[in-house]
Every structure is written in C-alpha cells, then in structure tokens.
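The values are calculated or read from the model by the stated rules, or taken from the named source; none is laboratory data. Since we're looking at a predicted model, the values are computed, not measured. Glycine gets a Cβ as well: all are built from the backbone with ideal geometry, and neighbour counts include every protein chain shown.
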Amino acid sequence: MYEALADIILAEKEDGIPFWKVVQADDCAERGITEEESFAQMKKMYDAMREADANYDGGLKSASGLIGSEGLKMEKAREAGELLCGSFIGKVMEKALKTSESNACMKRIVAAPTAGSCGVVPAVLLTMQEERHYTDEQMVEALYAAAGIGGVIANRAFISGAAGGCQAEIGSASAMAAGGAVQLQGGNAEEIANAAALALKNLLGLACDPVAGLVEVPCVKRNVMGAVNALTSADLTMAGIFSKIPPDEVIDAMKSIGRNMHENIKETGIGGLAGTFTGTKIRERMAKL
C-alpha cells in the first residue's frame with residue numbers, strides 16, 4: 001500500500017495508467033490476487049453500499065433512541081422541494097444520513113474508512129451515479145481512487161477517532177469521496193490528490209466527541225458535512241483551483257494535529273459536545289439502561 005499520494009501521481013505519469021489502476025495493481029500485488037478478483041471484490045463493496053441505502057428503514061431507532069428517521073425526513077424535504085441546497089445536494093445529505101443511521105441501528109454498512117464515517121463515500125458516489133448515470137464499472141474505478149487515498153492516509157497518519165479525532169474519520173472519508181468524485185469526472189492523479197487535500201484541509205482539527213460514547217451524536221450529521229465538503233472540494237479542483245499545500249503535507253498536518261489533541265476530544269465521550277450539560281445528562285441516562 002502506498003505511503004504517499006505523490007508516489008501514485010508519479011506512477012501514473014511514468015506508467016501511463018490512471019490513478020485507480022495504480023491502486024488496483026498495488027492491491028493485486030499485495031494480496032496476490034488477479035485484477036479480475038480485485039475488481040469483483042471492489043464491486044461487491046460498492047453493491048453493499050448501494051444495498052445499505054436501498055434497505056434503509058426510516059422506522060428504525062438506535063438502541064439509545066438518539067438516532068433514527070432523519071434520513072426519511074431529509075428525503076421528504078427534498079421531494080417537497082424545500083431545500084436551499086437543491087435536489088442534488090439534498091440527495092447527498094439524505095444518503096449520508098441513511099447510511100450512518102443504518103450503522104447506528106446495526107444494519108449492514110461498509111466501513112469507508114470507518115463505521116463512524118460510513119455515510120460519506122456512499123452518499124457522494126451513489127448520488128453521482130443516480131444523477132449522472134455513470135456505469136457500475138466507473139463507480140468501482142472511483143472506489144479504487146477513494147481506497148487509494150484512504151490507504152495513504154492510514155499509512156501516513158491514522159483513520160481512527162481514538163488516534164486522531166474526527167478529522168481522521170470524517171476528514172479521511174471526505175478526502176476519499178472527493179477523490180472518487182474527481183475520478184468519475186475524468187480527473188488525473190494530481191487532480192484526484194488535490195481534491196483529497198482540499199477536503200481534508202477543511203476538516204483539520206475536528207474533534208471526536210461522541211455523546212455517551214456512541215457513534216451517533218454528532219457523528220451521523222457529521223457524515224452529511226463530510227459528504228457535502230467532498231463535493232465542494234471536487235468542484236474547486238475541476239475548476240482549476242489547487243491547494244497551496246501539497247496533499248501529502250496536508251495528511252502530515254492532520255497527523256500532527258491529532259497527536260497534539262487532548263485525549264478528552266479523541267473518542268473518549270468526555271470532552272467537546274459529550275461534555276456539555278446535555279451530553280452529560282444523556283450519558284447518565286444511558287448508564288442506567
């Protein structure tokens with residue numbers, strides 16, 4: 001697995017193969033499988049994302065009662081034409097909520113890169129396919145691009161909230177989704193990496209402060225923010241706007257910030273929103289159940 005996005009960019013230039021194919025070749029070499037086997041497995045991942053969205057149940061509530069039905073509310077608002085953001089972004093928000101709620105309700109999801117950030121990549125990719133009619137093959141290629149970015153972040157920094165705060169989870173997922181969106185639009189390796197950098201930059205310093213220690217509040221709604229941030233980063237990139245800080249240096253900055261974060265805002269359920277008056281009361285209530 002690559003440790004620098006710059007290496008994937010260089011491989012694309014030297015070997016003349018696209019970003020996603022560089023990632024696939026690395027996957028095949030690392031796991032000793034064929035391209036066909038790798039592609040089939042990645043297709044299975046994408047199908048699982050699609051199923052998580054299709055099988056959403058707006059009547060379900062999480063065991064805590066904190067999460068449930070919000071994806072359905074967003075769907076109704078979108079269909080009624082009530083959203084300031086419009087139908088496309090509304091659908092992205094809706095899918096991010098639905099997938100994240102499904103995670104909280106113990107339904108099947110794909111960790112991308114974590115369960116807590118599972119709604120970001122599906123929300124972006126599924127909506128782009130529905131609205132722009134990309135083929136399943138193109139969607140799998142986009143998922144390879146997203147996976148390549150996630151792999152570099154995992155190797156170079158971290159993708160867990162316990163290690164680096166929510167910037168490592170929602171931030172990484174947003175970077176992955178941004179890169180996948182640029183891949184779908186025909187972007188090259190430099191553009192894919194740039195979109196990832198822009199997305200991650202926007203979320204540097206984001207605390208991981210789950211109320212009552214559950215991956216529900218504020219996690220589910222942060223998936224919405226991560227998905228929308230990914231699209232703005234992709235649009236900036238395709239308009240020719242580039243990060244002044246190289247992508248790998250942005251990942252390094254995230255690692256440095258994560259290391260310097262206080263432990264109370266790294267998945268402990270103590271600081272940040274979890275430590276507010278209301279957050280504390282919810283934790284106390286949950287402890288009695």
Q: Of all residues in segment 215-231, count the ones that are of a type in the set (A, V, I, L, M, F, W, C), under 12 Å from Ala173 (Cβ atoms) and crowded, with 23+ Cβ neighbours inside 10 Å.
A: 4
Q | Unique match (being within 30 Å of Ile282 (Cβ to Cβ), touching a residue at least 40 places away in the same chain (Cβ under 8 Å) and out of contact with any strand residue (DSSP E or B) (no Cβ under 7 Å at 6 or more places or on another chain)) among Met238, Met254 | A | Met254
Q) Do you know which residues across segment 12-23 are assigned to a helix (DSSP H, G or I), farther than 20 Å from Leu198 by Cα and in contact (Cβ under 8 Å) with a residue 24 or more places away in the chain? A) Glu12, Lys13, Lys21, Val22, Val23
Q) Looking only at segment 100-159, which residues are on the phi > 0 side of the Ramachandran plot and of a type in the set (A, V, I, L, M)? A) Met106
Q) Any chance segment 100-112 includes a residue that's buried (at least 24 other Cβ atoms within 10 Å of the Cβ) and in a loop (DSSP other than H, G, I, E, B)? A) yes
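Okay, residues lined up against (1) acidic (Asp, Glu); (2) more than 30 Å from Glu94 (Cα to Cα):
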residue	(1), (2)
Glu3	yes, yes
Lys13	no, yes
Glu36	yes, yes
Phe39	no, no
Asp53	yes, no
Gly59	no, no
Lys76	no, no
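Residue-wise test of (1) outside any loop (DSSP other than H, G, I, E, B); (2) within 30 Å of Pro246 (Cα to Cα); (3) among the polar types (S, T, N, Q); (4) without any contact (Cβ under 8 Å) to a residue 60 or more places away in the chain.
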{"position": "Ile8", "(1), (2), (3), (4)": "yes, yes, no, no"}
{"position": "Ala25", "(1), (2), (3), (4)": "yes, yes, no, yes"}
{"position": "Cys28", "(1), (2), (3), (4)": "yes, yes, no, yes"}
{"position": "Glu36", "(1), (2), (3), (4)": "yes, no, no, yes"}
{"position": "Glu51", "(1), (2), (3), (4)": "yes, no, no, yes"}
{"position": "Asp57", "(1), (2), (3), (4)": "no, no, no, yes"}
Q.
Looking at segment 200-214, can you tell me whether even one residue there is under 16 Å from the mean Cα position of the chain (by Cα), buried (at least 24 other Cβ atoms within 10 Å of the Cβ) and part of a helix (DSSP H, G or I)?
A. yes
Q: Could you grab me the full set of residues in segment 113-159 that are under 20 Å from Asn188 (Cα atoms), touching a Lys or Arg at 6+ places or on another chain (Cβ under 8 Å) and either hydroxyl-bearing (Ser, Thr, Tyr) or not in a helix (DSSP H, G or I) (or both)?
A: Tyr144
Q.
surrounded by 16 or more Cβ atoms within 10 Å (Cβ to Cβ), more than 21 Å from Thr114 (Cα to Cα) and out of contact with any Pro (no Cβ under 6 Å at 6 or more places or on another chain): which single residue out of Gly81, Gly86, Gly65, Gly90 fits that description?
A. Gly90
**Q.** From Lys95, Lys76, residue being assigned to a helix (DSSP H, G or I), under 20 Å from Met225 (Cα atoms), touching an Asp or Glu at 6+ places or on another chain (Cβ under 6 Å) and of a type in the set (Lys, Arg)
**A.** Lys95
Q) Any idea which of (1) small (Gly, Ala, Ser); (2) more than 22 Å from the chain's Cα centre (by Cα); (3) closer than 23 Å to Met128 by Cβ; (4) exposed (fewer than 13 other Cβ atoms within 10 Å of the Cβ) is the one Ala54 doesn't satisfy? A) (2)
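Residue by residue, here is whether (1) charged (D, E, K, R); (2) within 23 Å of the chain's Cα centre (by Cα); (3) at pLDDT below 95; (4) surrounded by 13 or more Cβ atoms within 10 Å (Cβ to Cβ) holds:
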| site | (1), (2), (3), (4) |
| --- | --- |
| Val250 | no, yes, no, yes |
| Ala253 | no, yes, no, yes |
| Ile257 | no, yes, no, yes |
| His262 | no, no, no, no |
| Lys266 | yes, yes, no, yes |
| Gly272 | no, yes, no, yes |
| Thr278 | no, no, no, no |
| Lys281 | yes, no, no, no |
| Arg285 | yes, no, no, no |
